[in-house]
Each structure stands twice: as C-alpha cells, then as structure tokens.
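Data block below; observations after.
The values are calculated or read from the model by the stated rules, or taken from the named source; none is laboratory data. Just so we're clear, the structure is a prediction, and the values are computed from it rather than from any experiment. Heads up, the Cβs are rebuilt from the backbone with ideal geometry, glycines too, and the neighbour counts pull from every protein chain shown.
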C-alpha cells in the first residue's frame with residue numbers, strides 16, 4: 001500500500017502558490033468521480049451544442065441562397081430543410097447503434113479504432129480535434145452575436161467579448177468544472193422553451209393574421225439579394241449544394257451523447273439511446289420551426305452578422321410592445337446562454353479525446369496527465385490557445401469558420417457510419433441488414449457534404465482543412481512511429497540477457513564549470529554511486545578561469561581529483577563525447593556515468609540564466625553506448641533561504 005507524502009512539509013513553489021490563488025485548492029485522486037445523470041438532466045446537459053445550432057444553421061443557408069437566388073431563396077430553403085432532416089435521421093440512427101455498442105467516451109474515434117485499427121482511426125481523431133477547436137470559436141462568436149443583436153451598441157466590441165467569454169469558459173474548466181450537470185441543463189431547457197413559444201406563436205399568427213415581412217432588398221447592411229428569376233438564373237446546382245452543406249452545420253453536436261455514454265445512469269446504452277432520440281426530435285422540430293418562420297417573415301442575414309436572423313424572427317413574431325419586448329429579450333438571453341454553454345462541450349470532449357489518442361501513442365503522453373484540479377490542463381490550454389487564435393484571425397466571424405466547422409463534423413459522422421457498417425457486417429446480429437443500410441447511408445451522405453465543402457468552398461477557407469488535415473494525420477502517425485520504435489528497442493533490451501550482466505568497471509565523471517553548491521552536491525551524489533573511480537572534469541575554455549578554479553579546488557577538503565581537459569574548438573558537447581569515448585576505448589567493459597550539476601532557480605530566472613547546454617550534453621552523451629548522463633539539480637534559492645534563516649535565528653539567540 002502506497003503511503004501518501006505529507007504535502008504540508010514539502011516546500012511550496014511560486015507556481016504552486018499561483019495555482020492555488022487562481023485555480024483553487026488542489027484536488028486529490030479520490031475526488032475524481034463522474035456524476036451519473038438522469039435522462040432529463042442528460043438531455044439538457046449534453047445537448048447545448050446540438051440544440052444551439054438552430055441559431056446559426058438556418059442563417060448559413062440563407063447566406064448562400066439570397067445572393068444567388070433572390071427572393072426564391074425563401075422557397076428553396078424548405079426542401080433543403082427536408083434533406084437536412086433526412087441526414088439528421090440517418091446520423092441519429094447510426095449513433096443510436098454506437099451508444100449501444102461502445103459505452104466508453106470517444107465517439108467516432110472509438111468506433112473507428114475498434115473496426116479499422118488505431119492508424120485509420122487517426123482520420124477520425126484529426127477530424128474531431130479540428131471540430132472541437134472550431135466549435136469553441138463558433139459557439140462563442142454566435143453567443144456574442146446574440147448579445148449584440150439585442151444591444152447593438154456593443155457591436156464594435158464583438159471580438160473582445162468573444163475572446164473574453166472564451167477565456168472565461170477556459171478558466172472555469174481549468175478550475176475543474178464538472179463534465180455535465182444541472183447547471184448546464186438550465187440554459188438548454190430555457191432556450192427550448194423560448195423557441196417553442198416563438199414557433200407556436202409565429203405559426204398561429206401566420207395562420208390567422210399573417211406575420212410582418214422584411215424587405216431584404218432594401219435593408220441597409222443586409223447581404224446582397226439577387227434580382228431576377230432566381231430559380232432559373234441564380235440557383236444553380238452548385239449554389240444549392242453549398243446552401244445544403246452550410247445548413248448541415250445545424251447537425252453539429254449530435255455526436256455529443258455518444259462521446260459521454262459513461263455519464264448516464266445504468267443501463268447506460270439504452271438510456272443514452274433514448275436521450276439521443278429525444279434530442280434529435282427536439283432539434284428537428286426547432287430547426288423546421290425556425291426555417292418556416294424565416295420563410296414566412298423573410299428574415300435576412302446581415303453582412304456584419306448581427307442582428308442575427310433568429311433575432312429578426314423574434315422581433316417579427318413577438319412585436320415591439322411591452323410584452324413582446326420582454327419575450328424578445330428573454331429569447332436573446334436564452335440564445336446567448338446556450339451558445340456560450342455549448343462551447344463547454346468541446347472543453348470536455350477535446351481533453352478526453354486527446355487522452356485516448358495519447359494512450360494509443362499518437363499524441364504526446366503529457367496529454368494524459370491530469371493537472372492541479374484533476375482536469376487535463378495541457379489539453380485545455382492548447383484548445384484555448386488554438387480557439388483564441390482562430391477567433392482573432394477570423395475577426396470573430398461565424399461565416400468565415402463554417403467550412404472548417406462542417407468538414408470536421410461530417411468527417412466524424414462518416415467515420416462513425418463506416419465503422420458501424422463494418423461492425424454489423426462482421427457480427428451480423430438480428431436486423432443487421434437494416435443497420436448496414438442506415439449506417440452506410442449516413443456515412444455516404446456525410447462524405448458528400450465534406451466533398452461539397454472541400455470543392456465549393458475551397459477558396460473561402462476550406463483549403464485550410466484540406467491542407468491541415470493530412471498534415472495533422474501525418475504528424476499523429478509520425479509520433480506513433482517514434483513511440484513504437486522506442487517500445488521495440490525496450491522490448492529488445494529486456495529480452496537480451498547480455499545487457500543484464502554487470503560491468504567490470506564503473507567510472508563516474510562530474511563535469512565542473514564553477515565551484516559552487518551544485519558542484520558539491522553532484523560530487524556527494526557521485527560518491528554514493530560507489531564507482532571504481534570518481535573524477536571531476538573541467539573543460540578549459542578560459543585559461544585564467546581554469547587557474548582560479550584549480551586554486552579553489554585545492555582548498556576543497558576532498559579526495560576527488562580535478563582533471564583539466566583542453567577544449568580548443570570550444571564545443572563542450574563534442575568534448576564530453578570525446579571524453580566518454582576515450583574512456584570506453586581505453587577500458588573496454590567499463591560503464592561510464594557523467595553527472596552534470598545544475599543550479600535551479602524560479603521559472604523566469606531559469607530561462608534567463610540557463611542556455612540548456614547541460615541538456616544538450618546529456619543527450620549527446622546518452623547516445624554513446626555504455627554511457628549514461630544525469631543532470632543533478634540543486635535549488636540555490638532554497639539553500640540561500642535556509643542559510644539566511646539560520647543566520648537570523650543565530651543572531652536572535654545570541655541577543
């Protein structure tokens with residue numbers, strides 16, 4: 001049984017103090033437990049990303065249609081909505097099978113890994129990594145536009161608000177925000193209620209009295225509206241495909257439940273399937289309702305992206321009276337809340353995914369490390385940095401990142417569909433033919449959406465994914481190859497009995513630059529290694545400095561000799577390698593250990609006072625067979641502090 005160290009006796013560093021102030025008290029492993037969610041709470045907690053897509057999905061369709069098809073866009077949007085609903089049904093059917101088969105976190109990555117192997121699964125992991133980053137940017141930017149739609153005076157600060165909201169969400173997650181819970185369900189249900197009220201009110205008014213209509217062609221700041229016969233002249237097949245692909249962003253977040261099956265109460269699979277079905281039904285109803293009201297009111301997207309189309313629909317439905325204004329404000333408040341909370345989905349999914357991928361040795365292993373508050377801090381910081389960069393580069397625009405958004409989302413859908421298709425073909429359980437049709441249809445349609453974006457929106461940002469995606473996959477593969485090579489060498493070393501035989505002779509060198517505390521500590525450590533011979537070595541770069549060191553060494557009451565080694569080319573790394581190689585050549589069968597003293601300081605001073613030469617030397621020495629290099633760190637600051645405190649106490653006792 002492991003005995004925990006007494007943390008109160010361990011000295012606290014500046015970084016530890018900073019973490020306590022900004023992140024709170026550190027959590028211990030016993031606090032690492034998941035909250036089991038009821039289906040009602042799970043629907044609200046896991047669906048903000050999906051449900052909130054009704055805010056920007058219909059608007060993205062109209063952004064493509066109006067400039068090409070004119071007022072005919074308000075007719076064409078209806079059949080496009082029908083096709084999107086078909087894809088929603090197929091994707092939901094596919095993920096219903098996923099949650100019953102794979103109850104751990106990971107979604108399409110776990111499906112692809114189980115059915116195609118870890119290497120092919122990196123296509124899914126790369127898509128999901130891109131998706132998570134872009135989702136944070138889109139959700140925060142859309143949330144800001146919901147705010148400035150209600151308060152237009154804040155429009156000029158939309159970028160600052162977006163970045164601020166993103167950093168605040170990141171900070172909350174670094175403090176250890178729970179993966180899901182009642183707090184996340186509140187904005188989701190509030191938004192659903194407000195949207196249902198708006199849709200029902202709007203449909204009733206349209207049937208009995210008629211809703212007011214906007215005039216897109218004469219609204220200042222609106223997107224350009226094509227004039228003429230839109231169906232013949234403007235609505236080409238390419239435009240319709242682009243509009244359909246844009247509308248596909250309404251399906252983002254459908255995979256969130258498959259990424260968190262483990263947070264459901266038992267039986268986890270059936271409960272996750274029920275919640276997924278309910279979420280898809282709610283999403284479909286809200287999406288169709290909003291698109292119908294856009295058709296009825298001729299709501300128009302703006303070039304500046306605010307006021308949002310949903311804001312315009314809300315104004316038209318609720319009117320400008322006192323009650324109408326209150327309802328409009330509640331709608332915008334609920335919209336902003338669910339959009340900002342929707343960004344948190346990525347802050348849960350991205351760290352979990354990176355830990356899985358790192359466990360498979362396709363990402364650096366530090367991504368598996370939990371931090372101060374038992375969260376994957378490294379992944380959260382990386383996600384924040386990438387999302388903030390994307391927001392700043394795009395100016396906080398939703399339109400600019402939609403191609404990146406959809407390509408990542410639908411690539412994940414495709415991999416899940418193809419993976420489940422193979423799973424059903426391999427197992428052939430009852431009803432497998434129907435499942436194959438559903439999964440393969442979802443996969444093919446999702447692949448078509450990806451191709452549409454890659455071709456039709458290549459010059460509008462899709463090129464970035466087309467370029468970055470294969471580079472990311474190659475990078476994951478390359479890192480895995482390095483890890484596999486290390487493991488192969490390790491296995492080979494363990495099986496070779498000759499490597500376990502002791503060496504005839506052990507020689508320890510302590511490399512000395514100055515005579516100080518760090519050097520003395522390294523010498524003491526070297527003597528504890530019980531080497532056949534312990535020698536201090538100084539590479540002579542400056543004759544006068546070497547002479548002063550030799551003189552000081554003479555006053556050192558120890559039997560360790562100081563050896564001066566000329567280094568005419570001033571290359572310490574090559575000089576250390578030559579020293580080791582000469583010793584091994586002169587005395588075959590010798591084990592050489594080289595100790596490199598290092599004085600450590602607080603992080604800022606550490607970077608200023610050290611050029612990492614010791615690291616480079618250690619790396620070069622360790623490449624020599626039969627040699628080992630070790631850096632012996634010594635905290636000078638704590639030693640000085642103890643000495644100062646002891647001197648102060650001594651003066652106090654004498655007085």
Could you give every pair whose Cβ atoms fall below 7 Å, whose first residue belongs to region 570-587 and is over 18 Å from residue 513 (Cα atoms), and whose second residue is modelled with pLDDT of 90 or more and part of a helix (DSSP H, G or I), counting only separations of at least 6 or pairs across chains? none
Test for residue 355: is it outside any helix (DSSP H, G or I) and surrounded by fewer than 24 Cβ atoms within 10 Å (Cβ to Cβ): no
If you check residue 452 against the conditions, is it under 30 Å from residue 143 (Cα atoms) and in a helix (DSSP H, G or I)? yes
Tell me which residues, restricted to region 320-364, are free of Cβ contacts under 8 Å to residues at least 12 places away in the same chain, over 14 Å from the mean Cα position of the chain (by Cα) and over 30 Å from residue 308 (Cβ atoms). 359
Inspect all residues belonging to region 202-220 and state whether any of them is assigned by TED's automatic domain parsing to the domain that holds residue 399, modelled with pLDDT of 85 or more, touching a strand residue (DSSP E or B) at 6+ places or on another chain (Cβ under 7 Å) and assigned to a loop (DSSP other than H, G, I, E, B). no
Can you name every one of the strands (runs of 3 or more DSSP E) wholly within region 532-619 that holds 1 or more residues which are under 46 Å from the mean Cα position of the chain (by Cα), more than 23 Å from residue 504 (Cα to Cα) and at pLDDT below 85? 590-600
Restricted to region 254-270, and to residues that are surrounded by fewer than 24 Cβ atoms within 10 Å (Cβ to Cβ) and within 22 Å of residue 419 (Cα to Cα), which residue is modelled with the highest pLDDT? 270
In this structure, does residue 136 turn out to be within 16 Å of residue 397 (Cα to Cα), modelled with pLDDT under 95 and out of contact with any strand residue (DSSP E or B) (no Cβ under 9 Å at 6 or more places or on another chain)? yes
If the requirement is being closer than 27 Å to residue 480 by Cα, assigned to a helix (DSSP H, G or I) and out of contact with any helix residue (DSSP H, G or I) (no Cβ under 6 Å at 6 or more places or on another chain), which of these qualifies: 129, 75, 86, 159? 129
In the set 153, 113, which member is in contact (Cβ under 8 Å) with a residue 12 or more places away in the chain and part of a helix (DSSP H, G or I)? 113
When residues of region 296-327 are filtered for being part of a loop (DSSP other than H, G, I, E, B) and over 20 Å from residue 204 (Cα atoms), how many remain? 8
Show the residue pairs meeting these rules: Cβ distance below 9 Å; 6+ apart or different chains; first residue within region 418-441 and not assigned by TED's automatic domain parsing to the domain that holds residue 111; second residue exposed (fewer than 14 other Cβ atoms within 10 Å of the Cβ) and part of a helix (DSSP H, G or I). none
Failed item in (1) crowded, with 19+ Cβ neighbours inside 10 Å; (2) at pLDDT 85 or above, with residue 392 passing the rest: (1)
